[in-house]
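*Asks:* Dropping the structure in here first, questions after.
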Amino acid sequence: MKVLVAAPLHERAIEVLKNAGFDVIFEEYPDEGRLIELVGDVDAIIVRSKPKVTRKVIEAAPKLKVIGRAGVGLDNIDLEAAKERGIKVVNSPGASSRSVAELAVALMFNVARKIAFADRKMREGVWAKKQCMGIELEGKTLGIVGFGRIGYQIAKIAKALGMNLLLYDPYPNEERAKEVGGKFVDLETLLKESDVVTLHVPLIDATYHLINEERLRLMKPTAILINAARGAVVDTNALVKALKEGWIAGAGLDVFEEEPLPKDHPLTKLDNVVLTPHIGASTVEAQMRAGVQVAEQIVEILKG
Ligand code: NAD
């Protein structure tokens, strides 16, 4: 059996495949033409968010039985074409939950204590002590929009920090809410009552610009917004206005409507926003877990 690893994969995942007796070939992000050349005799392909596994690639792989995505989103795989051929598609949706949650909490602290701003000023030789008055998170209310895998991990950390928890999710998991001491409320109540609002919903029609001008205006002028879900869950133009005009106090953003964020984007001009380049899942642990979970599923499918 032969497995094509078409994206960087943790060495432990490669070991799982080799220990199962598979022939492993590795080529980083081949384009469609090169992929077509490579897949002629492979039983499995492993990708990350790249490269694209198109219908043409699938058609050029007569032995292909499984496509593995080390990570979450499957938008680079032609699922319809795979289904038609009975090819299984596996991924590792929970592998990065803790990492994304920890980044969201890091962004909360960063905005609450103006760390990035302070660091920028230090490098300019400015001792900006007076401008760096912050707030504590203990005793504050955290509103979690989307109480799924990541939302739950955040809730566990927030509980340990002594924060109060408000939750919003159309499919409420009461048992987990009870475990973390959180209370489900409607979105309007969550936005009005939270000191920090953090977004962990998938990007679907119902969540496109979920946080728009009207909803930003419901938030406290002292509130912080964290988005480590998808950029388009927030209306960026409305957010820039909210941050400029003080409808909210600050924001921590890992995701953007346009990625990479353009160099001179208005967000880059604001001191009350902390920006990271979509690094929620970028930890050694998350990458290892994602790779190993996908490799194990592939072994099970090919050997089962
Ligand atoms: P999940 O499916 O476990 O949880 C999502 C939750 O959102 C579910 O409980 C669902 O019921 C809820 N939901 C659905 N529609 C909603 C709505 N209209 N309003 C409120 N809640 C709604 O997903 P997850 O693993 O927790 O991931 C959440 C999102 O985080 C992903 O969809 C992805 O976009 C994003 N993500 C970002 C990074 C990053 O690097 N920043 C990494 C991984 C995932």
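The values are calculated or read from the model by the stated rules, or taken from the named source; none is laboratory data. As the structure is a computational prediction, the values presented were derived from the model and not from experiment. Positions of Cβ are generated from backbone atoms using ideal geometry, with glycine treated the same way; all protein chains shown enter the neighbour counts. When the accessible area is computed, the model is the full protein with side chains, heavy atoms only, and any ligands, DNA or RNA have been set aside. Shrake-Rupley method; radii C 1.70, N 1.55, O 1.52, S 1.80 Å.
*Asks:* Under the √(5λ) rule applied to the eigenvalues of the Cα gyration tensor, what semi-axes describe the equivalent ellipsoid of the range 1-81? Give them in Å, descending.
*Replies:* Values: eigenvalues 67, 42, 25 Å².
Ellipsoid semi-axes (Å, largest first): 18, 14, 11.
*Asks:* Still on this model: Summarise the long-distance tail of P(r) for the range 96-275 by giving the % of C-alpha pairs beyond 26 Å.
*Replies:* Working: 3992 of 16110 pairs.
So the portion of pairs separated by more than 26 Å is 25 percent.
*Asks:* Over the chain, with a Gaussian network built from C-alpha contacts below 10 Å, which listed residue (His265, His278, His200) shows the highest mean-square fluctuation?
*Replies:* Per the Cα network of the chain with a 10 Å cutoff, His265 tops the list.
*Asks:* OK, next. How fast does the range 110-190 diffuse by Stokes-Einstein, in µm²/s, taking the Kirkwood radius from C-alpha pairs at 37 °C and 0.692 mPa s? Present the calculation step by step, with values, prior to reporting the outcome.
*Replies:* Details: Rh = 14.3 Å.
It comes out at roughly 230 µm²/s.
*Asks:* Also, I was wondering about something else. How big is the Kirkwood radius of the range 240-301, worked out from every pair of different alpha carbons and given in Å to one decimal?
*Replies:* Numbers: mean 1/r = 0.0699 Å⁻¹.
Every distinct Cα pair counted, the radius reaches 14.3 Å.
*Asks:* Leaving out ligands, DNA and RNA, what percent of the accessible area of the chain is carbon and sulfur, probe 1.4 Å? List each step's numbers first, then the result.
*Replies:* Numbers: 7800 of 15400 Å².
Carbon and sulfur: 51 percent of the exposed surface of the chain.
*Asks:* Quick one: what are the phi-derived ³J(HN,Hα) couplings along the range 127-132, Karplus 6.51/-1.76/1.60 with θ = phi - 60°, whole Hz, x for glycine and proline?
*Replies:* Each residue of the range 127-132 in turn: 8, 8, 3, 5, 7, 9 Hz.
*Asks:* Percentage of Cα-Cα pair distances in the chain greater than 29 Å, rounded to whole percent? Each step should come with its number before you reach the end.
*Replies:* On the way: 20233 of 46056 pairs.
Result: 44 percent of Cα pairs exceed 29 Å.
*Asks:* Taking only protein heavy atoms into account and a 1.4 Å probe, give the accessible area per residue of the chain in Å².
*Replies:* Details: 15400 Å² over 304 residues.
That works out to 51 Å² for each residue.
*Asks:* On average, how much area does the Cα convex hull of the range 148-188 cover when viewed from any direction, in nm²? Kindly include the intermediate steps, with their values, before the conclusion.
*Replies:* Working: hull surface 10.8 nm².
Taking a quarter of the hull surface, the average projection is 2.7 nm².
*Asks:* Per DSSP H run of n ≥ 4, the term is -39500 (n - 2.57); total these for the chain, divide by its residue number, and report the mean residue ellipticity at 222 nm rounded to 500 deg cm²/dmol. Don't skip to the answer; put the middle values down first.
*Replies:* Values: 12 runs with 113 residues, N = 304.
It lands at -10500 deg cm²/dmol.
*Asks:* For the range 82-136, which semi-axes, largest first and in whole Å, follow from the square roots of 5 times the eigenvalues of its Cα gyration tensor?
*Replies:* Numbers: eigenvalues 389, 33, 9 Å².
Working through the eigenvalues yields semi-axes of 44, 13, 7 Å.
*Asks:* Output the DSSP H helices from the chain with an along-axis C-alpha extent of no less than 27 Å and a mean Kyte-Doolittle hydropathy no less than -1.0. If you can, show how the numbers build up before the last one.
*Replies:* Values: long enough: 284-303 (28 Å, 0.35).
Helices meeting the criterion: 284-303.
*Asks:* Can you pull out the chymotrypsin sites (Phe, Trp or Tyr not before Pro) in the range 103-161 that DSSP calls coil and that have at most 14 other Cβ atoms within 10 Å?
*Replies:* Numbers: sites: Phe109, Phe117, Trp127, Phe147, Tyr152; in loops: Trp127, Phe147.
When the chymotrypsin sites (Phe, Trp or Tyr not before Pro) of the range 103-161 are filtered for loop state and at most 14 Cβ neighbours within 10 Å, Trp127 remain.
*Asks:* Listed highest first by mean packing, meaning other Cβ atoms within 10 Å per residue, what order do 63-70, 172-179, 212-219, 20-27 come in?
*Replies:* Working: 63-70: 23.2, 172-179: 13.1, 212-219: 17.2, 20-27: 15.1.
Per-residue Cβ counts within 10 Å, averaged per peptide and sorted highest first, yield 63-70, 212-219, 20-27, 172-179.
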